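The values are calculated or read from the model by the stated rules, or taken from the named source; none is laboratory data. Computed from a predicted model, the values in this text were never measured in an experiment. Cβ sites come from the backbone with ideal geometry, for glycine too, and all protein chains shown count toward neighbours. Calculation scope for accessible area: heavy atoms of the full protein, side chains included, ligands and nucleic acids excluded. Shrake-Rupley method; radii C 1.70, N 1.55, O 1.52, S 1.80 Å.
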Amino acid sequence: MGDSRLAPLVLSDAERRTLQGWARRRTTAQGLALRARIVLACADGGSNTAVAARMGINRGTVTKRRARFLRNGLDGLSDEPRPGVPRTITDAQVEEVVVRTLEETPQGATHWSKRELAKVVGISPASVLRVWHAFGLQPWRTETFKISLDPLLIDKIRDVVGLYLAPPAGAAVFAVDEKPQIQALERTAPVLPGVPERRSFDYVRHGTIDLFAALNTATGKVITKLSAQHRAVDFRDFLDEIDRQTEPGLAVHVICDNLAAHKAPGVHKWLLAHPRFHLHFTPTYSSWINQVERWFDELERRCLERGVFCSLDDLKAALEDWIKVWNDQARPFKWTKTADQILDRICRYCSRICEPAH
């Protein structure tokens, strides 16, 4: 039963609908949603103490929100102006920072720096940086891209992605590629520990080696072979290695790029002699679709990038040790994008770069 000492809180139909919308809508600020729920509970006849207990909040909060709603209606639920120094940057200046960043470049330069733009707009460099952060602008960054002109782009994407998302029964799927010219680099001075670790800029190179890798997309395990070169005969020998390490009863689907060595006559002859092997080629300029490239990133980051190798044998031993550790703990990479999602994104990007402004 309600407290007779409290002023009655009666809502019109419009006010109730507005409050219910604020309380239920996911995009409503959490503070506003809570205030709306408090007022709705008070309107149902509960006392301040009862509403506070039911909602798990302080009684003073309920008292305050009830009083403000009775005094100012829906406007009483909005945040009050906070104390502090008034704004010194106008909306027009914020707009000018955004527009100049996106649509103009400074004279004699390719992009704005915060100091150059601050001088033009008449605000501090720190203020320019805050505006950039607020609008997600990063004019100092640049990225590169390459659109594949492969006439079989759509068919190849559907073929490769189909092997990832719905591999055929009774088959093993391998993502295959080479990492050529891995350098055995020895720094000219000892590496100094610290954060960040310090290494000398110059180095002594003790030779290079090529790495063939076949990532089993179902298990994450990798079959590898070290080679002095990556010719067609070396690729054929690597296919022999995959054949030896794959269960005899399984068909083998190999995803690889369009390197000439993968299409050489010697490879064709080998494939005819091994009918369980099927090669699937990725589109040109589309290394991102080959899962083994993701594994090469891990190899580079965790083994090679900060490694110091005093000889080619040291490099080989480090590679073999790291690959063994990987296979002992192997987990597959999870592919989530369908072929249609990939093609839709490519189409949207092509439409964007073909617009008149570009």
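Observations on the structure shown:
- Residue among Glu300, Glu247, Glu96 with the largest mean-square fluctuation in a Gaussian network model of the chain, springs linking Cα atoms under 10 Å: Glu96
- Once both labels are positioned 7 Å from their Cα atoms along Cα-to-Cβ, the gap between Glu305 and Ala92 label points is 4.7 nm.
- Tilt relative to the chain, helix 312-328 - C-alpha long axis, 0 to 90 degrees, to 10: 60
- Within a Gaussian network of the chain (alpha carbon springs, distance under 10 Å), most fluctuating of Ser127, Ser200, Ser78: Ser78
- With an a/c value of 1.5 or above and a/b not larger than b/c for the gyration tensor axes a ≥ b ≥ c computed over the alpha-carbon atoms, segment 106-215 is described as oblate.
- Highest average packing first - 29-39, 149-159, 99-109, Cβ atoms within 10 Å: 29-39, 149-159, 99-109
- Projecting the Cα atoms of Leu239, Ala251, Leu271 onto the charge dipole of segment 236-292, computed from C-beta unit charges around the Cα centre, puts Leu271 farthest toward the positive end.
- The chain: angle of helix 30-43 to the longest principal axis, Cα-based, in degrees nearest 10: 40
- The residues of segment 203-260 expose on average 44 square angstrom of accessible surface per residue, using a 1.4 Å probe on protein heavy atoms.
- Separation of the Val120 and Leu279 label points, Cα + 7 Å toward Cβ, nm: 5.3
- Between segment 271-286 and segment 116-183, the Cα center-to-center distance that results, in Å: 26
- Computed over the chain, relative contact order equals 14 percent, with contacts defined as Cα pairs under 8 Å that lie 6+ residues apart.
- For the chain, built as a Gaussian network whose Cα springs stay under 10 Å, the top-fluctuating residue of Asp240, Asp328, Asp13: Asp13
- Gain in span if fully extended, Phe135 to Ala318, counting 0.36 nm per residue against the direct Cα distance: 61.4 nm
- Cross-link reach list, lysines versus Lys221, counting only Cα pairs under 16 Å and skipping chain neighbours closer than eight places: Lys324, Lys334
- Seen against the Cα atoms of the chain and their longest principal axis, helix 13-24 is set at about 30 degrees.
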